[in-house]
Amino acid sequence: MPTPPIRTAVYAPPIGRDVDAWRRRLRLLDESGLTAVSVSDHFQAGVQDPVATLAALATSTRRLRLMALVLCNDYRHPVLTHHAAATVDALSGGRLDLGLGAGYLAAEYAAAGLPFDPPGRRVDRLTESVDLIKALFGGLPVHHSGPHYEVSGLTGSPAPVQTPHPPLVIGGGGKRMLALAGRHAQIAGIHSNLGHGTAYDAAVIEDMVPERMAAKIGWVREAAERAGRDPDALSCLSVTWTCRVVDSPRETPRALAEVCRTYGVDPEVGRRSTGLLVGTVEECVEQLRQRQRDLGLDYVDFGAADPAAVAPLAAALAAPDAGL
């Protein structure tokens, strides 16, 4: 039995002064084997606003899925998140994947003067937001009174193209976030635990070794089953913090060592971690297929990798694997 294709995404290219050149890059992505182009929600490390970028992507592409990976719940009210998401879904003809997150980057909260509450409180707010956003996609007046949000008779608009709502992308590295994904998401992001408020360190890579990823996926599946959902219907996405494609197998050990030094992690751990992907096209494809077979990871975001470098990977992964 052939192994199903692996869906793939890459971060949207940064918008510079030459917007026409940016649109030309998007057209090349649109013609590639990639499944989606993704945008993150960071105003300190990020170079462009995610909602405005999603709207531009909707009118600059025809085929690609547009993935919010992810919108931070603490940065905008869920009513506004719904309104923007419904608009992007309409503009794109139904190509939005709506990622929702609780927020994690402590330095960014501090830079903007936003209160950085404990993880449990941030997840509480997100949990309520998910329920509220789903209700607003229902087309009926919404009356909601919760510990964090109040909505009185608001009917969400515009009507989404995708019903009952755009696919939800929810994920994380802790049990509570992944249980939320199991209850609500169509795409579960299986990630490292970022509760400490930082990223790009050894802890992030170490928390994405196969045995830990297997436990995380188990939390998603258990929550889905308890909610009466089919866990096999959920897609499991892994974000690649660094993807380095090399020309020859002889270059792989050196490239892996360089990447691991950046994170301060042992190369043996880095080689096993799903947070890193280093090797030739063939080696990278085999690593991703192995992760699919062993863990069920059927969606990979290559992050800020060069789209031209990962294009051969996306093309190879877009076809079923016959196991030959």
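The values are calculated or read from the model by the stated rules, or taken from the named source; none is laboratory data. Remember, predicted model here, so these are calculated numbers, not experimental data. As a convention, Cβ positions derive from the backbone with ideal geometry for all residues, glycine included, and neighbour counts pool all protein chains shown. Keep in mind that these areas ignore ligands, DNA and RNA; they rest on the heavy atoms of the full protein, side chains included. Shrake-Rupley method; radii C 1.70, N 1.55, O 1.52, S 1.80 Å.
Can you pull out every residue in the range 185-210 that is among the aliphatic types (A, V, I, L, M) and assigned to a loop (DSSP other than H, G, I, E, B)?
Ala185, Leu194, Ala199, Met208, Val209, listed by residue number.
Would you please name the residue that is nearest to Ala181 (Cα to Cα), looking only at residues in the range 107-163 that are acidic (Asp, Glu) and open to solvent by less than 40 Å² (accessible area, probe 1.4 Å)?
Among those residues, the one meeting the criterion is Glu128.
Which condition from (1) open to solvent by 40 Å² or more (accessible area, probe 1.4 Å); (2) within 22 Å of Gly172 (Cβ to Cβ); (3) touching a helix residue (DSSP H, G or I) at 6+ places or on another chain (Cβ under 6 Å); (4) free of Cβ contacts under 8 Å to residues at least 60 places away in the same chain is the one that Arg63 breaks?
Unmet for Arg63, out of (1) open to solvent by 40 Å² or more (accessible area, probe 1.4 Å); (2) within 22 Å of Gly172 (Cβ to Cβ); (3) touching a helix residue (DSSP H, G or I) at 6+ places or on another chain (Cβ under 6 Å); (4) free of Cβ contacts under 8 Å to residues at least 60 places away in the same chain: (2).
Could you count how many residues in the range 135-166 are outside any strand (DSSP E or B) and touching a residue at least 40 places away in the same chain (Cβ under 8 Å)?
So the answer is 12.
Here is a list of conditions, (1) of a type outside the set (S, T, N, Q); (2) touching a residue at least 60 places away in the same chain (Cβ under 8 Å); (3) touching a Phe, Trp or Tyr at 6+ places or on another chain (Cβ under 9 Å), and Pro5 meets all of them except one; can you say which number that is?
Evaluating Pro5 over (1) of a type outside the set (S, T, N, Q); (2) touching a residue at least 60 places away in the same chain (Cβ under 8 Å); (3) touching a Phe, Trp or Tyr at 6+ places or on another chain (Cβ under 9 Å) leaves (3) as the failure.
Against the definition (touching a Gly at 6+ places or on another chain (Cβ under 7 Å), open to solvent by less than 30 Å² (accessible area, probe 1.4 Å) and more than 19 Å from Val10 (Cα to Cα)), how does Leu276 come out, yes or no?
no
Yes/no matrix, rows are residues, columns are (1) touching a Ser or Thr at 6+ places or on another chain (Cβ under 7 Å); (2) more than 30 Å from Gly270 (Cα to Cα):
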{"site": "Pro164", "(1), (2)": "no, yes"}
{"site": "Leu180", "(1), (2)": "yes, no"}
{"site": "Ile187", "(1), (2)": "yes, no"}
{"site": "Tyr200", "(1), (2)": "no, no"}
{"site": "Trp219", "(1), (2)": "no, no"}
{"site": "Arg226", "(1), (2)": "no, yes"}
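If you go through the range 67-78 one residue at a time, do you hit one that is among the charged types (D, E, K, R), closer than 23 Å to Leu132 by Cα and open to solvent by 10 Å² or more (accessible area, probe 1.4 Å)?
Looking through the range 67-78, at least one residue is among the charged types (D, E, K, R), closer than 23 Å to Leu132 by Cα and open to solvent by 10 Å² or more (accessible area, probe 1.4 Å).
Can you say whether Met213 is in contact (Cβ under 8 Å) with a residue 12 or more places away in the chain, under 18 Å from Gln292 (Cβ atoms), under 19 Å from the mean Cα position of the chain (by Cα) and in a loop (DSSP other than H, G, I, E, B), as far as the supplied structure shows?
No, not satisfied.
Touching a Pro at 6+ places or on another chain (Cβ under 8 Å), in contact (Cβ under 8 Å) with a residue 40 or more places away in the chain, open to solvent by less than 10 Å² (accessible area, probe 1.4 Å) and of a type outside the set (S, T, N, Q): is that true of Leu295 in this structure?
no
Do we have any residue at all in the range 263-283 that's under 25 Å from Gln48 (Cβ atoms), modelled with pLDDT of 95 or more and touching a Cys at 6+ places or on another chain (Cβ under 6 Å)?
yes
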